[in-house]
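Everything below concerns the one structure shown next.
Laboratory data are not the source of any read-out in this text; all were calculated from the coordinates shown. Just so you know, these numbers come straight off a predicted model, no measurement behind them. Positions of Cβ are backbone-derived with ideal geometry, glycine not excepted, and every protein chain shown enters the neighbour counts.
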Amino acid sequence: MAGFVDLNLPHLPDKEALQKLVESAAHLGYSTVAINYVVDYEEKKKEVVKPLSPSDLFAALPVVQGKAKPIKILSRLTLVVSDPSHCNILRATSTNIKFYDIFAIFPKNGKLFHVACTTLDVDLVCINVTEKLPFYIKRPSVNVAMDRGIYFELAYVPAIKDSTMRRYTISNALSLMQICRGKNIILSSAAEKPLQLRGPYDVANLGWLFGLSESNAKAAVSTNGRAVLLHGEARKTACGVVYTMKKPRPPDEDDSTPATKKAKMEL
C-alpha cells in the first residue's frame, strides 16, 4: 500500500499552529500532506498568494512515524465558485498559480459541478459536507470526471464536530457513492487543530459510514491520494500521457520456432 496522505490541511495565519498541525499529521503516520489555500469569492478572498515552501515552515521536516523519513509537504489551491466567471483564475497567468501542486474546485451549484467535472483542468472536486447539497449529482458528469482522472473529496472533520453536519456529510456522501460506486474518492481532514486529526486507519473506518467498502476506504487515504498527486504533476509538466502495453502474440507465432517445427514434423 502507498503511503498515507491528507490533502487538506488548511493554511493557518499562525505559523506555529500550522507547524503543530503538520507535526501531528507526521506523528499519526501520514507520509504526505497538502496545505490548502482557499480563494472564496463569496468571502471576497480573491487574491492568490504564493504558498509557503517546506523550508519556510521547518528547518528540519518532521519524521513520519513508522517510516523513518521526513514528511512531504505540498501546496493546494481550492477555488470556491458560485459563478462561471470565477473559474477564469485557473486560466490566468498569475505568477503565483504555478507554485501550487494541486488544484481543487468547490462548486456551489449543479451547473458549476458539471463544468468542473467535464472541462476545468483541476485535480479535485470538493463535495460540500456542511449543508445539504443544493443540486443532484448526475451520473454523466461523474463518469466524465472519472475518465479524466479527477477525484472527489470528502472532508471528515465536520462529521466529528457536529451532529447536524454529520448527517449532511453522510447523506451527501451516500448520494455520491450511488453514482461513483466508491471509486475516485479522497478522504481528507480539513482539520484546523491537531486534536481534530485522526489516524489513517480511523479515517478508513469512517469511510464505512460514508458508503465505502473496506478496500475503497483504504484507497481513499492512500493510493487515491497518490493518483491525485500524479495527476497534478502531469497537468503541470505534460500535455499528454503515453500508455504502453505488451501486444499479445498470436498462438501460431508461439509454435513458429525451428525446434517446434521439427518436433511437429517428427510427429
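Under 5 Å between amide hydrogens, built in the peptide plane, is the criterion, and for ILE186 it picks out PHE152, GLU153, LEU154 among residues at least 5 positions away or on other chains. Using Cβ point charges alone (K and R +1, D and E -1), the dipole size of the chain about the Cα centre works out to roughly 340 debye. Of the residues TYR168, VAL80, GLY225, the one whose Cα sits farthest towards the positive end of the charge dipole of the chain is GLY225 (charges of +1 on Lys and Arg Cβ, -1 on Asp and Glu Cβ, taken about the Cα centre). Each label was represented as a point 7 Å from its Cα along the Cα-to-Cβ direction; for ASP40 and VAL144 these points are 2.8 nm apart. Considering only ASN96, ASN184, ASN224, the Gaussian network model of the chain with Cα springs below 10 Å gives its largest mean-square fluctuation to ASN96.
Could you pull out which residues in region 4-22 have an amide N less than 15 Å from a spot 7 Å beyond the Cα of ILE160, following the Cα-Cβ vector? So the set is 5-10, 21-22. Each of [x] 54, 42, 34; [y] 94, 41, 35; [z] 83, 45, 41 is a candidate for Cα extents along the principal axes in Å; the one calculated from this structure is [z].
A DSSP coil position with no more than 12 other Cβ atoms inside 10 Å describes none of the chymotrypsin sites (Phe, Trp or Tyr not before Pro) in region 137-240.
Rounded to the nearest 5, the antiparallel percentage of DSSP beta bridges internal to region 4-266 is 5%.
Residues ASP14, ASP121, ranked from the fewest to the most other C-beta atoms within 10 Å, line up as ASP14, ASP121. Once you order the gyration tensor axes a ≥ b ≥ c over the Cα atoms, which shape class does region 169-234 get: rounded for a/c under 1.5, otherwise prolate or oblate by comparing a/b with b/c? It comes out oblate by the Cα gyration axes.
Where only DSSP H runs of four or more residues are counted, the chain gives -11000 deg cm²/dmol as its mean residue ellipticity at 222 nm, each run worth -39500 (n - 2.57).
For the pair region 27-90 and region 159-181, the centres of their Cα atoms are 24 angstrom apart. Were the residues from PHE58 through LEU195 laid out at 0.36 nm apart, the gain over their Cα-Cα distance would be 47.2 nm. Of the cross-linked pairs LYS15/LYS183; LYS161/LYS218; LYS72/LYS218, those separated by over 25 Å at the C-alpha level are LYS15/LYS183.
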